[in-house]
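The values are calculated or read from the model by the stated rules, or taken from the named source; none is laboratory data. Not measured: the values here are computed from a predicted model. We place every Cβ from the backbone using ideal geometry, glycine too, and count neighbours over all the protein chains shown.
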Amino acid sequence: VSAILFFNFFAAGAVYIVSRRLEHALINLALSTLALFYCGFILSYGVDLRFLEVVRHSRESFANFLRGLPVATPADQVGVLYVFYVLLVAWMCDTGAYVVGSALGKNNRIGLVASPNKSWAGLIGGLLTAVATFLGFHFVCLRFFPEAYEVAIFSKSVGLAITVTVALALCTQI
């Protein structure tokens, strides 16, 4: 962390020397520091999510995993399904929003300053693509990973899982 902060301050100083404007240097420093901490903070939850069931299952199982021994049960690998689910839904929502928005959303823009080409058609297309992606994910997991998937939250209630998928897709769009 210290090295990253040092690099940011060094880069901000270099911008100040080149541009002679303190405002640009401070803005660059603030944005780059925020981006580094934000990305690091968000990505750290991916690691936590990956090992969720391993830690919850037993401390001994997690200790064996850290020593490089095989994980005790297929249920310990449900964290992989969670990470894959989040990434897959986010990517497919983005793709569906782009494809549908490009095809149908020329005249119905949402009007956001940050993303002026975002349309209502793209938003709806992204949500529908995310739900379709979850349903495909659900059936593939039931077919090929039944032991790990039965521990997952998704297998308990498909309605709840679709609600979580829509919420995740909305966060992706935002």
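Observations on the structure shown:
- Residue list for segment 77-110, restricted to those being assigned to a helix (DSSP H, G or I), of a type outside the set (Ser, Thr, Tyr) and touching a Lys or Arg at 6+ places or on another chain (Cβ under 9 Å): Gly79, Val80, Val83, Ala97, Gly101
- Index of the failed condition, Thr129 passing every other in (1) at pLDDT 90 or above; (2) under 21 Å from Tyr45 (Cβ atoms); (3) not basic (Lys, Arg): (2)
- Qualifying positions in segment 85-117 - out of contact with any Gly (no Cβ under 7 Å at 6 or more places or on another chain), more than 26 Å from His138 (Cα to Cα) and not hydrophobic (A, V, I, L, M, F, W, C): Ser102, Lys106, Asn107, Asn108, Arg109, Gly111, Ser115, Pro116, Asn117
- Selection status of Leu168, modelled with pLDDT of 90 or more and assigned to a helix (DSSP H, G or I): yes
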